[in-house]
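FYI, it's all coordinate maths here, none of it is from the lab. Computed from a predicted model, the values in this text were never measured in an experiment. Methodologically, a virtual Cβ is constructed for each residue, glycine included, from the backbone with ideal geometry; neighbour enumeration extends over all protein chains shown.
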Amino acid sequence: MTNSKMFWQRGPLAATLTLAVATAPIMPTAVHAEEKAYTVSAGSISGSWFAIMTTMFELYRNNIDDLTYTTIPGGSVANPISLSSGQSQFAMSYSTNLFAAARGDEPYEGQLDNIRAIANTGLSAYMHVYFDKSLGIEELGDIAERQIPLKIDTGPRGSGGELAAGRMLAAHGASYEDIQAWGGSITYSPYREAMDRVNDKQIDGFANDDLPGAPLFAEFAGKDDITIYSQSEEAIALMESEYGYIPGVIPAGTYEGQDQDIMTTYQTPLFVTTADMDEEVVYQMTKLMFEKTDELIAGHNAFTALDVNKAPFGLTVPLHPGAERYYREIGVLE
């Protein structure tokens, strides 16, 4: 059931997969094999990013000579730090977090200026706010108005979705500090664990973002005792003006029993790497992403959002030269 009530821009996926060497149909690079064993920072193991990044890097493993990879769990806030520290070489992160990282804004303690974009993925993640009906709220503003001692899980700490969920609650007058002062609690769990705890009546709700219709979110939203809530107009406006989140709608019918549009916010992740990543490797990755999109879609339907004409835009960190080379080659950039 439902209850409804950026930036610097340049122009025009704990499971670990380590995979073996495969030959490739595109021309091999001059990079030595031992230099193409990459660590990829994704998101929660049960979330979409982990599956998306694994799908992408399977394509690369099968088409770039000597490339191997390991996918590790991460999050949008933590992934820029992982890249900058050398823990990983490729990652996904929301444009909002990358902008803050490049400037050294909160929650980052200093500038992370060695991150470069490969593509704007277009895989927009929409904020979902779920509560057990027994909580008895009609709209999100009721939490602050009644000072409810809410027990809520906002997903893995350090993820972009957790940061967005915290900001969303605060925009409705119920910051983490407020909730704790009212006798409530905040927990930070993988999606499946958080949802199971709501189902078991251990906590009242869950908030985080993902692709509309993502299987785990759809399963959760379809339960009879769970309601998905819209954000208020005022909160949406604040999320946009203060943090750069984009107003959006989860259309009615996206989930079983959802008979009204859900007004919310979303953010879009960028596929990123380090400034010193080999130009030829990044070029090949970018080329494969857009010339073998059908193979990516076969692995994960989210890749239907890829659009080469939009990929080099809406970036909040500079474009990597290898990606820029491809976009110029096909005329997307002049």
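Across all directions of projection, what mean area in square nanometres is found for the Cα convex hull of region 32-182? Mean projected area for region 32-182: 10.5 nm², to one decimal. Run through the DSSP bridge list for the chain and note the antiparallel percent, rounded to the nearest 5. The antiparallel fraction comes to roughly 65 percent.
Karplus-based coupling profile of region 142-149, in residue order and whole Hz: 4, 4, 6, 4, 9, 6, 5, x, with θ = phi - 60° in 6.51 cos²θ - 1.76 cosθ + 1.60 and x standing for Gly or Pro.
Can you compute the helix-only [θ] at 222 nm over the chain? Use -39500 (n - 2.57) per DSSP H run of at least 4 residues, normalise by all residues, nearest 500 deg cm²/dmol. Present the calculation step by step, with values, prior to reporting the outcome.
Details: 12 runs with 112 residues, N = 334.
Taken over the chain, the calculation gives -9500 deg cm²/dmol.
The largest-to-smallest principal axis extents of the Cα set in region 246-334 are 49, 28, 24 Å.
Multiply the residue gap between Thr70 and Glu138 by 0.36 nm, knock off their C-alpha separation, and tell me the result in nm, one decimal place. Let's see the in-between values first.
Values: separation 68, 0.36 × 68 = 24.48 nm, distance 4.44 nm.
In short, 20.0 nm is gained.
For the pair Arg157 and Val249, label points projected 7 Å from Cα toward Cβ lie 3.9 nm apart.
Going by neighbour counts of Cβ atoms within 10 Å, the residues Asp225, Asp261 line up, fewest first, as Asp225, Asp261. Its Cα gyration tensor gives region 125-267 an equivalent ellipsoid, and the semi-axes of that ellipsoid, as √(5λ) in whole Å with the largest first, are 19, 18, 15.
In order along region 40-55, the phi-based Karplus estimate (6.51 cos²θ - 1.76 cosθ + 1.60, θ = phi - 60°) of 3J(HN,Hα) comes to 10, 8, 10, x, 4, 4, 8, x, 5, 4, 4, 5, 5, 5, 5, 4 Hz; Gly and Pro are listed as x. Here region 285-309 and region 151-186 have alpha carbon centers that stand 34 Å from each other.
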